[in-house]
Amino acid sequence: MLAAAGTALLVLLAGNLPWAGFGRLSGLAGWNLRVGTTVPWAILPMSLYLLAYWRFIDGGWTASTDAARRRENLRAKPLSTGVWFAALASGTLGFGTLLALLATAARLVRLPPSEPIAMPLSMPVLTAFLLLAMQAVVAGVTEEAAFRGYMQSMVERRFGVAVAVLANGTLFGLLHFGNHPADVLLMLPYYVAVSAVYGGLTWAADSILPAVILHSIGDIVVLTRWWLTGRPEWQVGATVPPLIWERGVDASFALAAVASVVLVVLTGRAYVAVRGLRVRRRRPCAPVVFPSAKLPV
């Protein structure tokens with residue numbers, strides 16, 4: 001378990017550091033916010049770096065046993081069109097489940113606020129959006145490679161998918177302490193739920209590729225909304241709803257709670273269906289044997 005967590009951290013840092021930097025050392029994103037702010041120039045070098053990064057963690061650059069192990073851990077397996085469609089539809093259903101769970105959680109505990117996303121006043125809107133989109137892609141690629149790829153694969157082979165999702169979700173949540181340093185443990189169940197959506201989808205499709213796509217698209221929506229409204233993804237509404245301990249249980253809370261249960265069940269069934277479809281598509285077809293016909297003498 002510790003080896004899997006350590007490997008995931010290395011994979012994550014290797015992908016993120018060139019973009020986000022570390023401590024006082026700025027990455028490409030930070031430089032773009034200070035130098036040449038009218039043009040999203042950091043996107044090009046980061047895109048080239050991501051391509052090289054992905055090739056290496058997927059077993060490229062070397063022809064050895066280690067390369068095969070990296071390819072197995074990343075789990076970036078190609079999918080048929082049918083599995084792609086089913087996986088993306090199931091993952092989108094999982095997003096709906098997260099929204100219902102957040103609406104329920106917001107009535108049970110006071111979810112923390114977060115600092116708004118600030119961009120330089122001189123930066124054009126399109127440039128700001130493109131940089132946020134690149135941030136989303138970097139997160140989608142590196143976080144899925146680290147947590148649902150390497151870590152989940154390594155833990156799942158030994159302990160099963162449930163333990164693997166719980167383990168990578170816990171580490172995933174703890175590493176988001178920068179978003180809410182005083183409420184890390186309070187927000188941990190949310191990040192475990194997010195990891196269950198992505199990790200369950202990876203198990204169902206036996207590939208991280210659908211999770212990478214959905215994570216990137218989801219983060220584009222979340223970061224854009226955060227930038228425009230000042231509200232992070234866990235703040236669903238414009239106003240803070242009253243807790244049920246203050247106002248009692250009402251129809252809106254009951255509806256959110258029931259919707260959460262129903263959507264959890266539906267998402268689970270959808271993932272099982274994707275898993276079955278993936279297994280059927282992977283299973284080789286038996287050759288068709290025709291009875292031999294005897295020619296008349």
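When Lys and Arg each count +1 and Asp and Glu each count -1, what net charge do the other residues less than 12 Å away from residue 218, Cβ to Cβ, add up to? Charge balance near residue 218 sits at -3. For region 143-153, putting each phi into the Karplus relation 6.51 cos²θ - 1.76 cosθ + 1.60 with θ = phi - 60° gives couplings of 6, 5, 4, 6, 8, 8, x, 4, 5, 4, 4 Hz, in residue order, rounded to whole numbers and with x for Gly and Pro. Taking 0.36 nm per residue of separation and subtracting the current Cα-Cα distance, fully stretching the chain between residue 262 and residue 89 would add 60.6 nm. Applying the Karplus relation 6.51 cos²θ - 1.76 cosθ + 1.60 with θ = phi - 60° to region 34-42 yields 3J(HN,Hα) values of 10, 10, x, 5, 7, 10, x, 5, 5 Hz, where x marks Gly and Pro. Once R0 is set to 30 Å, what does the formula 1/(1 + (r/R0)^6) return for the Cβ-Cβ distance between residue 67 and residue 2, expressed as a FRET efficiency to the nearest 0.05? It comes out at approximately 0.80. Region 1-68 and region 114-174 have Cα centres lying 12 Å from one another. Here the extension length gained between residue 56 and residue 269 equals 73.2 nm, from 0.36 nm per residue of separation less the Cα-Cα distance.
If packing is taken as the mean number of other Cβ atoms within 10 Å per residue, what is the order of 133-141, 173-181, 219-227, 93-101, highest first?
Values: 133-141: 21.2, 173-181: 14.6, 219-227: 17.2, 93-101: 19.7.
Put in order of decreasing packing, that is 133-141, 93-101, 219-227, 173-181.
Shape class for region 172-232: oblate, because the ratio a/c of the largest to smallest gyration tensor axis (alpha-carbon atoms, square roots of eigenvalues) is 1.5 or more and b/c is at least a/b. Computed packing ranks the peptides 182-193, 118-129, 150-161 as 150-161, 182-193, 118-129, most packed first, by mean other Cβ atoms within 10 Å.
Taken along the Cα-to-beta-carbon direction at a fixed 7 Å, the label points for residue 10 and residue 174 span 1.8 nm.
The Cα trace of the chain gives Rg and Dmax of 22.1, 95 Å, the first to one decimal, the second as a whole number.
By how many nm would the segment from residue 228 to residue 161 grow when fully extended, if each residue of separation counts as 0.36 nm and the alpha-carbon distance is taken off?
Numbers: separation 67, 0.36 × 67 = 24.12 nm, distance 3.72 nm.
Full-extension gain reported as 20.4 nm.
Expressed as a whole percent, the accessible surface of the chain that belongs to carbon and sulfur atoms is 72, based on a 1.4 Å probe. With one equal scatterer per alpha carbon and no solvent term, the Debye-computed log10 I(q)/I(0) for region 115-274 at 0.17, 0.21 1/Å reads -1.17, -1.42. In order along region 98-106, phi translates into HN-Hα couplings of 4, 5, 5, 5, 5, 4, 6, 5, 5 Hz, rounded to whole numbers, per the Karplus curve 6.51 cos²θ - 1.76 cosθ + 1.60 with θ = phi - 60° and x for Gly and Pro.
Over region 58-122, what number does the Rg to Rh ratio reach, with both radii from the alpha-carbon atoms and Rh per Kirkwood? Here the Rg-to-Rh quotient is 1.23.
The values are calculated or read from the model by the stated rules, or taken from the named source; none is laboratory data. Computed from a prediction, not measured in an experiment: that's the story for all the values here. No Cβ is skipped: glycine too gets one built from the backbone with ideal geometry, and neighbour counts run over all protein chains shown. When the accessible area is computed, the model is the full protein with side chains, heavy atoms only, and any ligands, DNA or RNA have been set aside. Shrake-Rupley method; radii C 1.70, N 1.55, O 1.52, S 1.80 Å.
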